[in-house]
1. Suppose the filter is buried (at least 16 other Cβ atoms within 10 Å of the Cβ) and part of a helix (DSSP H, G or I); does residue A:395 pass it?
2. List every residue pair whose Cβ atoms lie under 9 Å apart, where the two residues are 6 or more positions apart in sequence or sit on different chains, the first residue falls within segment A:371-400 and is in the same structural domain as residue A:422 (by TED's automatic domain parsing), and the second residue, located anywhere, is within 9 Å of RNA strand B (Cβ to nearest atom) and not in a helix (DSSP H, G or I).
3. Within segment A:111-129, which residues are within 15 Å of residue A:180 (Cβ to Cβ), within 7 Å of RNA strand B (Cβ to nearest atom) and surrounded by fewer than 17 Cβ atoms within 10 Å (Cβ to Cβ)?
4. From A:368, A:403, which residue is surrounded by 14 or more Cβ atoms within 10 Å (Cβ to Cβ) and not acidic (Asp, Glu)?
5. Scan (1) open to solvent by less than 40 Å² (accessible area, probe 1.4 Å); (2) closer than 17 Å to residue A:101 by Cα; (3) near RNA strand B (Cβ under 8 Å from one of its atoms) for the single condition residue A:155 breaks and write down its number.
6. Could you list, in sequence order, the residues of segment A:87-110 that are within 11 Å of RNA strand B (Cβ to nearest atom) and either open to solvent by 90 Å² or more (accessible area, probe 1.4 Å) or not assigned by TED's automatic domain parsing to the domain that holds residue A:150 (or both)?
7. Could you list, in sequence order, all residues of segment A:8-29 that are open to solvent by 10 Å² or more (accessible area, probe 1.4 Å), assigned to a helix (DSSP H, G or I) and of a type in the set (Gly, Ala, Ser)?
Amino acid sequence: MIRVRFAPSPTGDLHVGGARTALFNWLYARHLGGTFILRIEDTDGARNTEEAARGILKGLRWLGLDWDEGPDVGGDYGPYFQSQRKSIYAAYFAKLEAAGRVYTEDNGAVRFKFSRTSITVHDLVCGDVTFAPTEEPDMTIRRPDGSYIFHFVNVVDDIEMRMTHVFRGEDHLSNTWKHIDLFNALGATPPTYAHIPLILNPDGTKMSKRDEGSAIEKSYMHEGFLPEAVFNYLAMLGWTPRTEGEKLSSEALVSLFDPAEIHSSNARFDMHKCQWFNAQYLRELSPEALLAAARPFLDKAGLSITNDAIAAAAVFSVKEKVSHLTEIPAWVHYFFREDYSYENDVVTKLKAKPENTTLLNAAASALATLIDWTEVSIQTAIEEAAKIASVKAGALMPLLRFALSGQARGPGVTTIAHLIGQSSTLRRIERTVLML
RNA sequence: GACCCCUUCGUCUAACGGUUAGGACACAUCCCUUUCACGGAUGCGAUACGAGUUCGAUUCUCGUAGGGGUCGCCA
C-alpha cells in the first residue's frame, strides 16, 4: 500500500506548481489505490496564516484533489498540522542527540552533523543522482527558541506518517541528499523520490506569485475556468500519456498515470493552451450545468435571472464564443435587461441608411402577426418580410440583430428573438426605430 | 563561485539507432456562414553547437553554450 503526501506551507495562495505537485501525488495514489495525505507545514509562525491554509484546502478541493488523511478528514497519523506535532519532533531530536549527530551553536541553534559520505538519490523521474561530500556547513535543524526547521520536520513526518513515495518539485532535488542523511541517522528507510520539473513563465523565468496564471484561486477560480480543464492542462504539463487526444477525464488520467513517464525538463506555462482546454470543457456542458457554472459571473455583472430555463438557453447560445465564464455576461446581458445600450458604431451604421427604418418596421409587422413563436416561424416571417421589401434576408438580419441586442455579433437572430419573446422583440424594434 | 537537473517547431510534446522528424496550442490563408464563433482544409515552423561511437545518431558518449535549481536559524 503506497502512501504519498502533498505538504504545502501556508504562506500564500495555492500556486500552480504546488497544485500540479499535489495532482501528481493524487494521480499516483488513485492509480495504485494508495493513500493521499495532506499535511500542512506551518512551522514558520511568522509567515504562515490560517487564511492561507484555508485557501489551499479550498483550491485543492476545487480541483477535485480529495485527500484521505489530513485537515478536516483526520486519519491515524495525525495531527496533520506540523505546528501541533512538537512532542513528536522532540522525540526524534533526542534520537539524533543520542547518536551524537547534533551540536549546539553559541546562540542555541542546533545543527545536524552531516555524514560527509557520497549519497545517491534513486529518483523515479531523474534516475540515480549521486552527490559527493561537500564543504557545505552542517544543517540547522532547530532554532534557538526550540522550534524545528523544515528539513528536519519534513523527514520526521515522512517517517511517522509512513510515506512510501515523495513527489515534489525539482527545486528540492539538490537538498534530498540531506534528507536521506537524516533518514539514515534516524535509522529509517528513505521513501522513493520523484522530483517533478518546475513550471516556468512563458519567458523561461521562474514562475512565482504575481505572475500570470500562478495563483489557483485568483487566476482560475475567479477567472471562470472549469476545474476539469485546469486539472487536465496541469496533468499534461510535463507528462504525456500515450493516447491520441489530450483531452482526458480525471478517471482516464488516473488509469493512465505512470510516474516513469514524467519528463525531467521544465515546462513553460501557456495560458492559451489552458484556455483551449477550458473552451473544450465548456462546450460539453448541458444548458443547466453551464448556467450553474456561469451564475456567479452573471450575478457579479448585475444580471438578475428571473427565468432559469431562458437563462440557461441564453448562456448555452453563446457557449462556443467564449473560453472563460467571465466572458459570458458581455455576450448575454441583453437577454436579461431591456435597457441594453447600443454599440457606438452600430448606431452610426444604422443611421447611415434611411431605409433601415422601413426595413425594421416591415420586419416588425411580419413578426407581429405570428401566432406561433418558434425559431422556424420567426425565420420564415423575416424571410417573407425581406422578400416583400426586395432585399435579401441576409441584409435584414444584421439590422434585427442590432435592434434586439445592440450588438454586431452574437447568437443567431432567430434564437435571440425566440428567447426574449414576441412582445420584447417588437418593443425592441420599436425602441430602435424611434432612436433613428 | 560550488554542486545538481535540463535542452526536438514560438509553447506543450511524439518518434525499438533507420520516419518526407508526427500531433496539439498559437499564428496565417481558404471553406462553411445573417454576425461573432464552432467546425473543416491548407500553410508556417524544430532536433542548441562541436566532436566521438556506428553502415546509419533526434536517439548512445564526451565537451561547449544556454536555461533552471540548490547551497537560510524560509518551506
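The values are calculated or read from the model by the stated rules, or taken from the named source; none is laboratory data. Everything quoted here is computed from the prediction, not taken from an experiment. Heads up, the Cβs are rebuilt from the backbone with ideal geometry, glycines too, and the neighbour counts pull from every protein chain shown. For accessibility, only protein heavy atoms count, side chains too; no ligands or nucleic acids. Shrake-Rupley method; radii C 1.70, N 1.55, O 1.52, S 1.80 Å.
1. no
2. Cβ pairs passing all conditions: A:375/A:412; A:379/A:412; A:386/A:392; A:397/A:412; A:398/A:408.
3. The answer is A:129, and nothing else.
4. A:403
5. (3)
6. Of the residues in segment A:87-110, the ones within 11 Å of RNA strand B (Cβ to nearest atom) are A:104-110.
Result: A:104, A:106, A:107.
7. A:17, A:18, listed by residue number.
Conditions (1) crowded, with 16+ Cβ neighbours inside 10 Å; (2) within 26 Å of residue A:204 (Cα to Cα); (3) near RNA strand B (Cβ under 10 Å from one of its atoms), marked per residue:
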| site | (1), (2), (3) |
| --- | --- |
| A:253 | yes, no, no |
| A:260 | no, yes, no |
| A:265 | no, yes, yes |
| A:283 | no, no, yes |
| A:295 | yes, no, no |
| A:304 | no, no, no |
| A:308 | no, no, no |
| A:323 | yes, yes, yes |
| A:333 | yes, no, no |
